[in-house]
1. Filter the trypsin sites (Lys or Arg not before Pro) in the stretch A:1-72 down to the DSSP loop ones having no more than 10 other Cβ atoms within 10 Å, then list what survives.
2. Would you mind counting up the charge near A:Lys38? Only other residues with Cβ under 10 Å from its Cβ, with Lys and Arg at +1 and Asp and Glu at -1.
3. What's the tally of Lys pairs in chain A whose alpha-carbon atoms lie under 21 angstrom apart, where the two lysines are 8 or more places apart or on different chains?
4. Give me the orientation-averaged projected area of the Cα convex hull of the stretch A:65-112, in nm², one decimal.
5. Give the value in nm², to one decimal: projected area of the alpha carbon convex hull of the stretch A:1-79, averaged over all directions.
6. Counting partner chain Cβ atoms within 10 Å of every residue's Cβ in A:7-20, what's the average?
7. How many Å² of accessible area per residue for the protein assembly as shown, probe 1.4 Å?
8. Give me the residues in the stretch A:73-113 whose solvent-accessible area, probe 1.4 Å, is reduced by at least 50 Å² once all protein chains are included instead of the chain isolated.
Amino acid sequence: DTTVKQNPRYKLARVGKPVNLICSQTMNHDTMYWYQKKPNQAPKLLLFYYDKILNREADTFEKFQSSRPNNSFCSLYIGSAGLEYSAMYLCASSVGGRSYEQYFGPGTRLTVL
Amino acid sequence: GDSVTQMQGQVTLSEDDFLFINCTYSTTWYPTLFWYVQYPGEGPQLLLKVTTANNKGISRGFEATYDKRTTSFHLQKASVQESDSAVYYCVLNNNNAPRFGAGTKLTVKP
């Protein structure tokens with residue numbers, strides 16, 4: 001099974017409220033990623049876990065948090081949603097290392113009102 | 001930092017036309033390069049990849065060649081079909097932090 005699952009598929013949030021998105025995989029991959037995708041823009045890497053080590057991109061460091069309670073699950077947390085957070089959020093997993101392909105979930109579409 | 005450039009946002013072709021999607025990259029080392037394809041309602045999925053060990057990747061009639069001299073990784077297909085309609089992403093992975101191009105939406109008319 002090469003499925004990456006994301007919950008929920010659609011999320012409506014209010015400005016200033018927290019948001020928690022969930023991703024899971026059963027491939028025993030050591031690396032899990034979160035991307036933000038806005039229309040007409042490239043998917044932007046927000047952060048990734050290599051095993052238990054979290055790596056966050058410098059320009060989004062303070063905007064997103066994440067946790068990985070076990071190998072299979074990874075969450076993306078927004079403490080206080082703003083309108084600019086409206087986007088598609090893609091989760092992916094892979095074996096660590098630059099030569100390995102990523103397996104993507106279908107995405108969670110977040111709309112902040 | 002690492003970056004990937006795809007200038008063609010949209011491409012419209014007819015069946016059996018030749019496909020060429022431009023991709024150039026910038027990095028300080030020798031990355032692995034990928035093409036991913038995304039169909040509506042799904043996440044991106046691997047189409048092909050190329051490492052420094054093998055200069056060309058081929059899959060499902062698509063091919064891409066890793067050109068270190070011009071730092072390019074263009075995607076080609078000799079004869080497209082309607083089922084090839086999708087968004088195509090060029091991706092660079094240098095340090096386990098994959099970078100995506102903006103994507104090219106391909107529409108193939110029957």
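The values are calculated or read from the model by the stated rules, or taken from the named source; none is laboratory data. These figures come from a predicted structure and were not determined experimentally. No Cβ is skipped: glycine too gets one built from the backbone with ideal geometry, and neighbour counts run over all protein chains shown. Ligands, DNA and RNA are stripped out before the accessible areas are found, and what is left, the full protein with its side chains, is counted by its heavy atoms. Shrake-Rupley method; radii C 1.70, N 1.55, O 1.52, S 1.80 Å.
1. Details: sites: A:Lys5, A:Arg9, A:Lys11, A:Arg14, A:Lys37, A:Lys44, A:Lys52, A:Arg56, A:Lys63; in loops: A:Arg9, A:Arg14, A:Lys52, A:Lys63.
Those that pass, being in a loop and sparsely packed, are A:Arg14, A:Lys52.
2. Result for the local shell: +1.
3. 15
4. Projected over every direction and averaged, the Cα hull of the stretch A:65-112 covers 4.2 nm².
5. Convex hull of Cα atoms, orientation-averaged projection: 5.9 nm².
6. Numbers: counts 0, 0, 1, 0, 0, 0, 0, 0, 0, 0, 0, 0, 0, 0.
If you average over the peptide's residues, the count of other-chain Cβ atoms is 0.
7. Heavy-atom accessible area per residue stands at 48 Å².
8. A:Arg98, A:Ser99, A:Glu101, A:Gln102, A:Phe104
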